[in-house]
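Quick notes on the structure that follows.
Any read-out appearing in this document is the output of simple, stated calculations on the displayed coordinates, not a laboratory observation. Note that the structure is predicted; figures quoted are calculated from it, not measured. Here the Cβ is made from the backbone with ideal geometry for all residues, glycine too, and neighbour counts use every protein chain on show.
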Amino acid sequence: MNDLKKNALNYIDEAAGVFTGLSDQIWAEAELSLKEFHSTAVYVEKLKELGFEVTEELGGIKTSFCGSFGSGHPVIGILGEFDALDGLSQKAGSTEPDPLEAGKPGHGCGHNLLGAGSLAAAAAVKKYLEDSGLPGTVIFYGCPGEEGGAGKAFLAREGVWKQLDAAVSWHPGSANQVTTGSNTASIQVLYKFKGIAAHAAGNPHIGRSALDAVELMNVGVQFLREHMTPDCRIHYAITDTGGISPNVVQGSAAVLYMVRSNRVAEAVKLQARVDDIAKGAALMTGTSFERTFIDGTADTLPNYTLEKVLYANMEATGLPVYTPEEWAFAEALKKTYPGSGIEGITGVRHDEAIREKLSALTDGGKRAINDFLAPHYSCGDHAPGSTDVGDVSWLTPTAQISAVCWPAGVPGHSWQVVTCGKSSLAHKGMLYAGKVLAGAVIDLFNQPEVLDAAKAEFAKRSASGYVCPIEPDAVPIAL
Ligand SMILES: [Zn+2]
Ligand SMILES: [Zn+2]
């Protein structure tokens, strides 16, 4: 590792308080998707303080922004997120469910850490560019609405990612590993049916039931399931039943649909078939409906070249070492959920040798912290969930890691994640991730041949062309 790179990574340790403080501040804000106004203000101020050139309301989204430093190519993006989840309010550091304010949001996906760790990386790369005098640009992206709203996909529609030579990101988790493989594409559309309300016994012949339309739409979609490819999924939630009175013909009712497929182009086609079923349901019931596009995300294109760069930096960066108090906290928390500590590690699902190795390292999945680096493993398999990082990955070579910020096997979107959000355990993982991302970006500035290889791989994988799941006239909606 050259001295300038070393100095840049050391900067993250020297300025650790800036980034852990930022993460804790965002943890306390805990704002929902596309409503992250306070968090955005905190970030914008911090970016300016750190000497980045800030663009606010990026892509026309109020809580979207970026901070840029440097000039010319390569232009490397580092993605940050900062939205929270509803109903997960929780006191920090407690080993039992204990809301700060019952029913309020909490950082149940660790995005307070995600954003601050990515900013730490961007600041370290900025220092490297300053010290080395190399040409190149680093851009930190404040990406809103990951949990709902698909901020990065809306930014993709606005052409934001096309200017990048590569992008990297990370996610807090319970294993130190390079994230590989793909995710499913997803699209959400809300159908609001309108009928004619009437007395259900007195004059039902006058009424036209919007709730019947919702029910018939759901029945139609059940039949559709037989005639779609096995990778597809369709989920729904009835968001308005038209009231609780059975003696009323319901004049309004609404259903929110989510379709998924392994490829975004297929998800778009499947969604159009669901639209047709809504039309059929309206026709059958004499009702009408209003269709509102909510959001959509593409599948993720992996980039094995970038994954290797990230892994090399994970190996070269010292892993966090934990105190007896941190182990005790992790042990206590691990008693509050079922599940093994290694199931979330990608290679375990696919490779028997990796499973055996990790089983030995974790004492059969019993150890409370996965305090090691998982073996390198790359694959193109689709994980069932969705992420708007996928939309970035269709427009520029993209790769991600996960770093240990909570005990082994902690379920996602849980109070346990929130309780860990301000812990020293989480801070250590965040700073580790920041150093790994910074190290990888610095390598890309120094090794144009690696960046070229990443681009060649990207060109192959994205040859079919990006189909943006966000409709042309759609606006981001905070549900
Ligand atoms: Zn999440
Ligand atoms: Zn997340």
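Of all aspartates and glutamates in the structure, the ones whose alpha carbon falls short of 15 Å from that of residue 6, not counting any fewer than 8 places away in one chain, are 14, 130, 131, 315, 443.
For the pair the stretch 413-479 and the stretch 94-155, the centres of their Cα atoms are 10 angstrom apart. A simple spin-label model places pseudo-atoms 7 Å from Cα toward Cβ; at residue 104 and residue 366 they are separated by 4.1 nm. For 54, 410, the sequence from fewest to most other C-beta atoms within 10 Å is 54, 410.
For the stretch 258-369, the Kirkwood estimate of hydrodynamic radius, built from reciprocal distances between every pair of different alpha carbons, is 19.4 Å.
Each stretch of four or more DSSP H residues adds -39500 (n - 2.57); spread over every residue of the chain, this sum gives -12500 deg cm²/dmol at 222 nm.
With contacts taken as Cα pairs under 8 Å and at least 6 residues apart, the stretch 2-93 reaches a relative contact order of 26 percent. Of the DSSP H helices in the chain, those that are both long (alpha-carbon extent of 27 Å or more along the helix axis) and hydrophobic (Kyte-Doolittle mean at least -1.0) are 111-132, 264-285, 424-446. In terms of overall dimensions, the stretch 331-398 has a Cα radius of gyration and Dmax of 14.8, 43 angstrom.
Measuring nothing but how far apart in sequence close Cα pairs (under 8 Å, 6+ apart) lie, relative to its length, the stretch 348-479 scores a relative contact order of 21 percent. Net charge in the neighbourhood of residue 349 (other residues with Cβ under 12 Å of its Cβ; Lys, Arg +1, Asp, Glu -1) is -3. Could you tell me the relative contact order of the chain? Use alpha-carbon pairs under 8 Å, at least six residues apart, and round to a whole percent. Answer for the chain is 24 percent. The count of lysine pairs in the stretch 22-177 with alpha-carbon distances below 20 Å, taking only pairs 8 or more places apart or on different chains, stands at 13. The aspartates and glutamates within cross-link reach of residue 422, meaning a Cα-to-Cα straight distance under 14 Å and a gap of 8 or more places when in the same chain, are 24, 29, 326. With K and R counted +1 and D and E -1, the other residues having a Cβ less than 10 Å from that of residue 187 yield a net charge of -1. In terms of Cα atoms, the Rg and Dmax of the chain work out to 23.6, 85 Å. The lysine pair tally for the stretch 247-367, using Cα distances under 28 Å and a gap of 8 or more places or different chains, is 7.
As a proxy for reagent exposure, 255, 125 were ordered by neighbouring Cβ count within 10 angstrom, fewest first; the result is 255, 125. For the stretch 342-479, evaluate the Debye formula with one uniform point scatterer on each Cα (no solvent term) and list log10 I(q)/I(0) at q = 0.22 Å⁻¹, rounded to two decimals. Rounded to two decimals, the profile gives -1.38.
Here the label points at residue 13 and residue 28, each 7 Å from Cα along the C-beta direction, are separated by 2.8 nm in the simple model. Taking Cβ atoms as reference points and 14 Å as the exclusive limit, the residues near residue 116 contribute a net charge of -3, counting Lys and Arg as +1 and Asp and Glu as -1.
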